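I have placed the structure first, in the form of structure tokens, so that the comments after it can refer back to it.
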């Protein structure tokens, strides 16, 4: 059974059973697949090098849009232009964090330094954003409904199974954020801002 992350003298420690590690690794892999853009034939290498993506479009998948939201409100043209200038690097940053977090899952006992903990938390947050969109969590009432599903025996359909996974990743991320805050408290530094999500 998974053990919550906690701050120790050696770093931020947690524990996941092999099946739990496989689940989290698969979730990270699914998000990587969503974020990796299709290969573009005859792409301008200079544009790729500086991070431009002239073909970037607003995602039609609401879950992908949660990961890659518009940076400009109330101006579709400006939002699209900004997306073409920044989306490639944002995708690459997210994919890099997800891959690094996957590497941390190579053993049941997780031991993270502060930077690794931040990366793992960002990866979990991206998973939760996608699950929240799939579960249509848009209000406190929606979240309360999802949090009622706590036991595997309660999962009778896909939505309830996703609710279990969402609750598990939420618990995991909350314990990780608390361990990060505890580590900063020991150093006398300001705690990090939590990732924005539902």
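The values are calculated or read from the model by the stated rules, or taken from the named source; none is laboratory data. Source: prediction; values computed, not measured. A quick note on method: Cβ atoms are made from the backbone with ideal geometry, for glycine too, and the neighbour counts reach across all protein chains shown.
Taken over segment 157-182, residues that are without any contact (Cβ under 8 Å) to a residue 12 or more places away in the chain and either part of a helix (DSSP H, G or I) or in contact with a strand residue (DSSP E or B) (Cβ under 8 Å, 6 or more places away or on another chain) (or both) amount to 5. Sort out which residues of segment 100-122 are farther than 13 Å from residue 173 by Cβ, out of contact with any strand residue (DSSP E or B) (no Cβ under 9 Å at 6 or more places or on another chain) and in a helix (DSSP H, G or I), and write them in order of number. Within segment 100-122, 100, 102, 103, 105, 106, 115 meet the criteria.
What is the residue count in segment 66-81 for residues that are in contact with a helix residue (DSSP H, G or I) (Cβ under 8 Å, 6 or more places away or on another chain) and either under 24 Å from residue 131 (Cβ atoms) or surrounded by 16 or more Cβ atoms within 10 Å (Cβ to Cβ) (or both)?
Start the filter on segment 66-81 by keeping residues that are in contact with a helix residue (DSSP H, G or I) (Cβ under 8 Å, 6 or more places away or on another chain), which leaves 66-68, 70-73.
If we keep only those that are either under 24 Å from residue 131 (Cβ atoms) or surrounded by 16 or more Cβ atoms within 10 Å (Cβ to Cβ) (or both) too, we end up with 66-68, 70-71.
The qualifying residues number 5.
Over 20 Å from the mean Cα position of the chain (by Cα), at pLDDT below 90, in a helix (DSSP H, G or I) and surrounded by 14 or more Cβ atoms within 10 Å (Cβ to Cβ): is that true of residue 84 in this structure? Yes: the conditions hold for residue 84.
Could we say that residue 4 is surrounded by fewer than 19 Cβ atoms within 10 Å (Cβ to Cβ), modelled with pLDDT under 90 and either in a helix (DSSP H, G or I) or in contact with a strand residue (DSSP E or B) (Cβ under 9 Å, 6 or more places away or on another chain) (or both) here? Against the criterion (surrounded by fewer than 19 Cβ atoms within 10 Å (Cβ to Cβ), modelled with pLDDT under 90 and either in a helix (DSSP H, G or I) or in contact with a strand residue (DSSP E or B) (Cβ under 9 Å, 6 or more places away or on another chain) (or both)), residue 4 does not qualify.
The residue that is farthest from residue 63 (Cα to Cα), among those in segment 136-148 that are within 21 Å of the chain's Cα centre (by Cα) and assigned to a loop (DSSP other than H, G, I, E, B), is 139. Considering the conditions (1) more than 26 Å from residue 99 (Cβ to Cβ); (2) touching a residue at least 24 places away in the same chain (Cβ under 8 Å), residue 154 is excluded by exactly one of them, (2). How about segment 144-159: which of its residues are surrounded by 16 or more Cβ atoms within 10 Å (Cβ to Cβ) and at pLDDT 90 or above? Within segment 144-159, 146 is the sole residue that qualifies.
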